[in-house]
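Asker: Before anything else, here's the structure in question.
The values are calculated or read from the model by the stated rules, or taken from the named source; none is laboratory data. These numbers were taken from a predicted model, which means no experiment stands behind them. Don't worry about glycine lacking a Cβ; one is built from the backbone with ideal geometry, like all the others, and counts go over all protein chains shown.
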Amino acid sequence: MTARRQATLYLPLPDSTAIESLRSRFNPVQFELIRAHVTLCREDEVSDWDKFASRLSDLRTIEVTLSFGLPVRDDNLVYLPATGSTESYDALRSLLLSTRNSLPRKHIPHITIVHPRNGSCSDFVFGEIASQLKPFTATFRSVTLIEQVDDEPWQDLILG
């Protein structure tokens with residue numbers, strides 16, 4: 001059994017509606033595994049998830065605002081890149097991951113539409129995706145800790 005964990009910012013409604021529709025149409029396997037999201041912290045960045053959850057629960061409010069641009073294609077990967085300032089995202093990562101001796105590595109926030117692990121993208125597919133998405137700004141107000149066991153769908157975790 002292989003388990004992976006991460007801290008995730010699920011894309012709120014109504015921003016997720018068009019994106020989820022495209023994901024279900026063009027990458028149904030990934031759509032079934034996980035909702036549209038921005039990864040906040042990956043499994044290799046956190047050594048103690050209970051301590052991480054405690055730090056997270058100590059926060060009174062969470063507000064991460066990100067602007068997303070037009071879709072970008074890199075072979076079979078299609079994603080919406082964050083554009084403009086990522087200050088609130090970077091500050092939350094720093095608050096949750098910084099230690100006395102180190103700052104977290106830079107992570108570029110994005111929303112994946114087609115994941116190359118289990119999807120593919122043709123010129124037609126990319127054209128369909130690009131024609132249906134416009135730049136937008138979303139505000140995330142919660143962080144969800146999630147876990148994937150083997151190739152099963154990601155599940156929300158409750159720690160502590």
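Asker: Exactly one condition in (1) farther than 27 Å from residue 48 by Cα; (2) crowded, with 19+ Cβ neighbours inside 10 Å is false for residue 128; which is it?
Answerer: (2)
Asker: Name every residue in the stretch 54-66 that is surrounded by 19 or more Cβ atoms within 10 Å (Cβ to Cβ) and either in contact with a Leu (Cβ under 6 Å, 6 or more places away or on another chain) or under 27 Å from residue 123 (Cβ atoms) (or both), in order of residue number. Before you say what the answer is, go through the steps one by one.
Answerer: Restricting attention to the stretch 54-66, the residues satisfying the condition of being surrounded by 19 or more Cβ atoms within 10 Å (Cβ to Cβ) are 56, 64, 66.
Hit for the stretch 54-66 is 64, nothing else.
Asker: Just one of (1) exposed (fewer than 12 other Cβ atoms within 10 Å of the Cβ); (2) in contact (Cβ under 8 Å) with a residue 24 or more places away in the chain; (3) under 20 Å from residue 152 (Cα atoms) trips up residue 33, so point out which.
Answerer: Of (1) exposed (fewer than 12 other Cβ atoms within 10 Å of the Cβ); (2) in contact (Cβ under 8 Å) with a residue 24 or more places away in the chain; (3) under 20 Å from residue 152 (Cα atoms), only one is false for residue 33: (1).
Asker: Would you mind telling me which numbered condition in (1) in contact with a strand residue (DSSP E or B) (Cβ under 9 Å, 6 or more places away or on another chain); (2) at pLDDT 95 or above; (3) more than 14 Å from residue 145 (Cβ to Cβ) residue 15 fails?
Answerer: For residue 15, the exception is condition (2).
Asker: Can you tell me which residue among 102, 57 is closer than 22 Å to residue 44 by Cβ, at pLDDT below 95 and out of contact with any helix residue (DSSP H, G or I) (no Cβ under 8 Å at 6 or more places or on another chain)?
Answerer: Working: 57 fails: closer than 22 Å to residue 44 by Cβ.
102 is the lone residue from the list that is closer than 22 Å to residue 44 by Cβ, at pLDDT below 95 and out of contact with any helix residue (DSSP H, G or I) (no Cβ under 8 Å at 6 or more places or on another chain).
Asker: Among all residue pairs at least 6 apart or on different chains, which show Cβ distances below 6 Å where the first residue, located in the stretch 121-136, is in contact (Cβ under 8 Å) with a residue 24 or more places away in the chain and the second is part of a loop (DSSP other than H, G, I, E, B)?
Answerer: Hits for this filter: 121/76; 129/71; 130/71; 133/71; 135/69.
Asker: Give 24, 54, 88 a once-over and let me know the one that is within 18 Å of residue 132 (Cβ to Cβ) and small (Gly, Ala, Ser).
Answerer: On the way: 54 fails: within 18 Å of residue 132 (Cβ to Cβ); 88 fails: within 18 Å of residue 132 (Cβ to Cβ).
Within the list 24, 54, 88, the selection yields 24.
Asker: Out of the residues in the stretch 105-135 that are under 17 Å from the mean Cα position of the chain (by Cα) and of a type in the set (Val, Ile, Thr), which is modelled with the lowest pLDDT?
Answerer: Looking at the filtered set, the residue picked out is 108.
Asker: Hey, another quick one. Can you confirm whether residue 70 is over 16 Å from the mean Cα position of the chain (by Cα) and crowded, with 19+ Cβ neighbours inside 10 Å?
Answerer: Judged against the criteria, residue 70 is not a match.
Asker: Taking the options 91, 138, name whichever one is among the aliphatic types (A, V, I, L, M), exposed (fewer than 15 other Cβ atoms within 10 Å of the Cβ), within 18 Å of the chain's Cα centre (by Cα) and over 30 Å from residue 1 (Cα atoms). It would help to see each step written out before you state the result.
Answerer: Details: 138 fails: exposed (fewer than 15 other Cβ atoms within 10 Å of the Cβ).
Going through 91, 138 in turn, the sole match is 91.
Asker: Just checking: which of the helices (runs of 4 or more DSSP H) contained wholly in the stretch 42-160 hold 1 or more residues that are touching a Phe, Trp or Tyr at 6+ places or on another chain (Cβ under 6 Å)? Show your work before the answer.
Answerer: Numbers: elements: 49-57, 87-97, 123-132.
Because the criterion is at least 1 residues that are touching a Phe, Trp or Tyr at 6+ places or on another chain (Cβ under 6 Å), the helices (runs of 4 or more DSSP H) in the stretch 42-160 that meet it are 123-132.
Asker: Among the numbered criteria (1) farther than 17 Å from residue 39 by Cα; (2) surrounded by 11 or more Cβ atoms within 10 Å (Cβ to Cβ); (3) hydroxyl-bearing (Ser, Thr, Tyr), which one does residue 99 miss?
Answerer: All conditions pass for residue 99, except number (2).
Asker: Being β-branched (Val, Ile, Thr), under 16 Å from residue 115 (Cα atoms), out of contact with any Pro (no Cβ under 6 Å at 6 or more places or on another chain) and outside any loop (DSSP other than H, G, I, E, B) is the filter here; which residues of the stretch 6-41 pass it? Give the steps one after another, and end with the answer.
Answerer: Step one: list which residues in the stretch 6-41 are β-branched (Val, Ile, Thr), which gives 8, 17, 19, 29, 34, 38-39.
Subset that is under 16 Å from residue 115 (Cα atoms): 19, 29, 34, 38-39.
Pick out the ones that are also out of contact with any Pro (no Cβ under 6 Å at 6 or more places or on another chain) and you get 19, 29, 34, 39.
19, 29, 39 - these are the residues of the stretch 6-41 that are β-branched (Val, Ile, Thr), under 16 Å from residue 115 (Cα atoms), out of contact with any Pro (no Cβ under 6 Å at 6 or more places or on another chain) and outside any loop (DSSP other than H, G, I, E, B).
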